[in-house]
Amino acid sequence: MKLGEIAARLKCTLEGDADIEISGVAGIEEAQPGQLTFLANRRYRLAASKTHASAIIVPQNEEGLTLPCLRAGDPYLTFAHAIELFYASPRYAPGVHPTAVIAKSASIGAGAHVGPYCFVDDDVTIGANAVLHSFVSVYRGARIGDDFFAHSHVAVRERCQIGHRVILQNGVVIGGDGFGFARQHDGRWYKIQQSGITVVDDDVEIQANSAVDRATVGETRIGRGTKLDNLVQVGHACAIGEDSLLCGQVGLAGSTVVGNRCILAGQAACAGHLHMGDGSILTAQSAVSHDIPAGATYSGSPGIENKIWLRSVAIFNHLPELQKTVRELEREVEQLRAQLQK
């Protein structure tokens, strides 16, 4: 595909030879001649000057690059669209594999693909154009919308509800029992019946080996457009708003409420029964046990406001020097006290 055509389709301003042939896309350090790359982070400015790519997507105000440029308002998002020009996800033909087991009372929409060793239980409804790749289990009474994609070894438990265009990566469990146990008088744990469900709204993607537990009563809900990374744990009766991002190994204890457009970075954690306001951020490996206001950024464990945490970390790095200074001052005070007592 010629660079000029790519610029037109991506709605970018082209600077350079429109007739250059582009055969694919690649990262800035791996790109070879004939490939298109991008610059979205200033850290890679030096790499951009050394890249072997034939063209690069850059911010509108980027200067000093000699290779042909596609200027874009958001280079990262534009590069995401560029990938789609050269790579299409595999298509799955409609049909049911002979090893799949589908209950007679189940309803599966037109154009669906049900792969090897899948199981669809009684009273399940699945919308049009769904793909159940292989070894996917959908328990009885589940309701799933159109354009659903479940990769291998996904489990959707009983009565759970999933919207349209939801993607579940390998090993995801929707609606597993919440971690609910009551201590008995003899010290043993009594399992509390998990009678609620999990609801996953439209356009959600949940990545590999993550679990969204069903509620003890009521529902656990993942809001429209929210994305969960690998190994995320969402406890029972949590509610996550729209377009939020939960990165790898995030853990939410039961009844946590996360607002819209929140970000929980890798290995962040929330104690139960707290609320994160809209647009709030919890940075990597942070943990909070209290509410976070809308728009706030918290860091550390226990979590505090990011600006205070940054100052605290800067001080922490100087603790050995501060300790040495304090000891010297203590010695001086002791010497002064001794002189005064003479």
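The values are calculated or read from the model by the stated rules, or taken from the named source; none is laboratory data. Bear in mind that the values here come from a model prediction, so they are computed numbers and not experimental data. With ideal geometry, Cβ positions are generated from the backbone for all residues, glycine too; neighbour counts draw on all protein chains shown.
Would you please list the contacts, defined by Cβ atoms under 6 Å and residues six or more apart or on different chains, that run from a residue in the range 83-106 that is under 15 Å from F148 (Cβ atoms) to a residue that is outside any loop (DSSP other than H, G, I, E, B) and not β-branched (V, I, T)?
Close Cβ pairs (under 6 Å, with a partner that is outside any loop (DSSP other than H, G, I, E, B) and not β-branched (V, I, T)) amount to Y92/H113; P94/H113.
Could we say that V204 is of a type outside the set (S, T, N, Q) and within 17 Å of V232 (Cβ to Cβ) here?
So V204 passes the test.
Condition test on A53, is it surrounded by fewer than 18 Cβ atoms within 10 Å (Cβ to Cβ) and either modelled with pLDDT of 95 or more or not in a strand (DSSP E or B) (or both)?
no
From I167, I162, I192, I174, which residue is surrounded by fewer than 16 Cβ atoms within 10 Å (Cβ to Cβ), at negative phi, touching a strand residue (DSSP E or B) at 6+ places or on another chain (Cβ under 7 Å) and not acidic (D, E)?
Exactly one residue qualifies, and that residue is I192.
Take the conditions surrounded by fewer than 12 Cβ atoms within 10 Å (Cβ to Cβ), under 29 Å from the mean Cα position of the chain (by Cα), assigned to a helix (DSSP H, G or I) and at pLDDT below 95 and apply them to R43. Does it pass?
So R43 passes the test.
Keeping to the range 175-211, report how many residues are of a type in the set (V, I, T) and over 16 Å from the mean Cα position of the chain (by Cα).
Qualifying residue count, the range 175-211: 4.
What residue, of T37, T78, is over 21 Å from R140 (Cα atoms), of a type in the set (S, T, N, Q) and touching a Leu at 6+ places or on another chain (Cβ under 8 Å)?
Only one candidate qualifies: T78.
Run P59 past the list (1) farther than 15 Å from L3 by Cβ; (2) in contact (Cβ under 8 Å) with a residue 24 or more places away in the chain and report the number of the one that doesn't hold.
(2)
Just checking: which of the strands (runs of 3 or more DSSP E) contained wholly in the range 185-228 hold 3 or more residues that are without any contact (Cβ under 8 Å) to a residue 24 or more places away in the chain and within 14 Å of I144 (Cα to Cα)? Give the derivation first.
Details: elements: 189-191, 197-200, 219-222.
Correct list: empty, since no element meets the threshold.
Tell me the residue from A284, A294, A265 that is surrounded by fewer than 17 Cβ atoms within 10 Å (Cβ to Cβ), in contact with a Ser or Thr (Cβ under 7 Å, 6 or more places away or on another chain), of a type in the set (A, V, I, L, M, F, W, C) and closer than 29 Å to G178 by Cα, please. Step through it out loud before you land on a result.
Values: A284 fails: in contact with a Ser or Thr (Cβ under 7 Å, 6 or more places away or on another chain); A265 fails: surrounded by fewer than 17 Cβ atoms within 10 Å (Cβ to Cβ).
Being surrounded by fewer than 17 Cβ atoms within 10 Å (Cβ to Cβ), in contact with a Ser or Thr (Cβ under 7 Å, 6 or more places away or on another chain), of a type in the set (A, V, I, L, M, F, W, C) and closer than 29 Å to G178 by Cα holds for just one of A284, A294, A265, which is A294.
Restricted to the range 271-281, and to residues that are closer than 10 Å to I292 by Cα and among the hydrophobic types (A, V, I, L, M, F, W, C), which residue is farthest from the chain's Cα centre (by Cα)?
This residue is L274.
Could you tell me which numbered condition L67 fails, if it satisfies all but one of (1) more than 30 Å from the chain's Cα centre (by Cα); (2) touching a residue at least 24 places away in the same chain (Cβ under 8 Å); (3) not in a loop (DSSP other than H, G, I, E, B)?
Failed condition: (3).
To keep it simple, each residue is scored yes or no on (1) at pLDDT below 95; (2) closer than 24 Å to V212 by Cβ; (3) part of a loop (DSSP other than H, G, I, E, B); (4) in contact with a strand residue (DSSP E or B) (Cβ under 8 Å, 6 or more places away or on another chain).
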position: H236; (1), (2), (3), (4): no, yes, yes, yes
position: G266; (1), (2), (3), (4): no, yes, yes, no
position: L322; (1), (2), (3), (4): yes, no, no, no
position: V326; (1), (2), (3), (4): yes, no, no, no
position: L329; (1), (2), (3), (4): yes, no, no, no
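Going through A88, A93 one at a time, which residue ends up being loosely packed, with under 13 Cβ neighbours inside 10 Å and modelled with pLDDT under 95?
Testing whether each residue is loosely packed, with under 13 Cβ neighbours inside 10 Å and modelled with pLDDT under 95 leaves just A88.
Please determine, by comparing only the residues of the range 298-320 that are more than 29 Å from the chain's Cα centre (by Cα) and part of a loop (DSSP other than H, G, I, E, B), which one is nearest to V250 (Cα to Cα).
N317
Identify the residue in the range 70-106 that is among the small types (G, A, S) and assigned to a helix (DSSP H, G or I) and, among all such residues, is farthest from H52 (Cα to Cα).
Per the stated criteria, the residue is A80.
Which condition breaks for A7 when tested against (1) free of Cβ contacts under 8 Å to residues at least 40 places away in the same chain; (2) assigned to a helix (DSSP H, G or I); (3) surrounded by 18 or more Cβ atoms within 10 Å (Cβ to Cβ)?
Of everything listed in (1) free of Cβ contacts under 8 Å to residues at least 40 places away in the same chain; (2) assigned to a helix (DSSP H, G or I); (3) surrounded by 18 or more Cβ atoms within 10 Å (Cβ to Cβ), A7 misses just condition (1).
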